[in-house]
Amino acid sequence: MTVPQTDVRLDTSDRRLERAFRVVPYVLLAVSTLLASMADDLIEHRTAAYRLGTLGVAVVTAGWMLWMVTLHPAWARRRRLMALYCAGLLVLIGVLVTRSPWFGLFALTGYLHTWELLSGRWRVAGVTATAALHVTAIFGGRLPDPNLPAVAAFLLMVAVSASLAVAFSRWGEITTEQNEQRKRIIVELAEANAKLEAAMAENAELQARLLAQAREAGTLDERQRMAREIHDTLAQGLTGIITQVQAARNAAERPADWRRHLDNAADLARESLSEARRTVQAVGPEPLEQRALGDALAEVVERWSDLHQVRAEVTTTGAACPLHPEVEVALLRTAQEALANVAKHAAASRVMLTLSFLADLVTLDIRDDGVGFDPEEVRRGDDGGFGLTVMRQRVGRLAGTLEIESEPGAGTAVFAGVPAIPREVAGG
């Protein structure tokens, strides 16, 4: 029997993904080592012997992964041996993190290997231990100071990081299981079509081609959706948590401010965890669940203004009407991303948002009086302006337009316009 073309593509894709998974830890280790070495050059008391020691630990770590995992993949089925391997890996990560916080980047390997190579409760224990090492790196490669604010912040960040890692690892397993099920279905369909190949050769070929295209399009769309949601919710939430925790540490002598910052961090953690669950379940943003777009946007802006202590105002013009859910999500996420960029980069004192309902178009205009930036430099940057790319993708999927105007010292304006597709179309 001829192997289905779609099945071959799936197997090839899986093999490529597996090879990438094996290479990523070494890339992270190399990048972390390079960054740590560059940072050590800027610290006067870091001697050549110290840097050589760090390099030696990194080499031992690479050898440990190479021998235990890469060169002996069959050992992955030996649970006790893998428990020993993961314990050794976490110890090495801990040593590296204490020598340089830059190895927090390599600490991500702990999430991958402990979840893949351990089983049962040991998985959660491994992920939690990795989260502790990762947060230690965020704290500068050392444990928190022995006081209540620092310890509480440390434990909160460990709990959030471990919870998110477990949630997304479990989501990855579910996605893999679904892909395997799809592959089995494709094989069964191919076998059935093979029996009718003599009489329906052209029809079978067309059907297989359509199935392959549908699956590839669905997989790509899901990956893009998850990338957009992770960036718009979890990444922004974690950034906010770190900011509030750092602010709480600085306000240790001011109980009221300390409590406010910790409460903000806890609220952001709960919101991020809730959004993670909603993302996995492909559910829309919570602010839109029981509110119209204008009200949801006003609530998001009010929360953001209270959190960052920046004046923000929302104005709605035109005759508001219920829109297609994808239109409302695109505009809300665009506003959230724009506000996140203002908080991170703009140093603005005021932000103005205008939501306009026109005859066949709905627009969102966000303007700030911040420091501005050069859009060309952002496009040439290392991250490629991923946030701006996500906004363009969301609006572009709806045949809309996104325009960004900014220059250093003159603030920034973001304009998004999408077709005003009514909600009835979604239900009809």
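Looking at residue 363, is it surrounded by 14 or more Cβ atoms within 10 Å (Cβ to Cβ) and among the hydroxyl-bearing types (Ser, Thr, Tyr)?
Values: surrounded by 14 or more Cβ atoms within 10 Å (Cβ to Cβ): yes; among the hydroxyl-bearing types (Ser, Thr, Tyr): yes.
In short, yes.
Can you tell me which residue in the stretch 316-340 is surrounded by the fewest Cβ atoms within 10 Å (Cβ to Cβ), limited to those that are free of Cβ contacts under 8 Å to residues at least 60 places away in the same chain and more than 17 Å from residue 401 (Cα to Cα)?
319
Just checking, how many residues over the stretch 335-357 are farther than 18 Å from residue 308 by Cβ and either among the small types (Gly, Ala, Ser) or out of contact with any Ser or Thr (no Cβ under 9 Å at 6 or more places or on another chain) (or both)?
1
For residue 99, state whether it is surrounded by 15 or more Cβ atoms within 10 Å (Cβ to Cβ), touching a residue at least 60 places away in the same chain (Cβ under 8 Å) and either basic (Lys, Arg) or at positive phi (or both).
When the stated conditions are applied, residue 99 passes them.
State yes or no: is residue 322 at pLDDT below 90, closer than 30 Å to residue 163 by Cα and in contact with a helix residue (DSSP H, G or I) (Cβ under 6 Å, 6 or more places away or on another chain)? Can you show your working first?
On the way: at pLDDT below 90: yes; closer than 30 Å to residue 163 by Cα: no; in contact with a helix residue (DSSP H, G or I) (Cβ under 6 Å, 6 or more places away or on another chain): yes.
Considered against the rule, which asks whether it is at pLDDT below 90, closer than 30 Å to residue 163 by Cα and in contact with a helix residue (DSSP H, G or I) (Cβ under 6 Å, 6 or more places away or on another chain), residue 322 comes out as no.
Of the residues 399, 420, 416, which single one is of a type in the set (A, V, I, L, M) and at pLDDT 90 or above?
416
Residue check, residue 302 against (1) modelled with pLDDT under 90; (2) loosely packed, with under 15 Cβ neighbours inside 10 Å, all met but one. Which one?
(1)
For the stretch 52-68, what are the residues that are under 15 Å from residue 101 (Cβ atoms) and either not aliphatic (A, V, I, L, M) or not in a helix (DSSP H, G or I) (or both)?
54
The values are calculated or read from the model by the stated rules, or taken from the named source; none is laboratory data. Everything quoted here is computed from the prediction, not taken from an experiment. Glycine also receives a Cβ, built like all others from the backbone with ideal geometry; neighbour counts cover every protein chain displayed.
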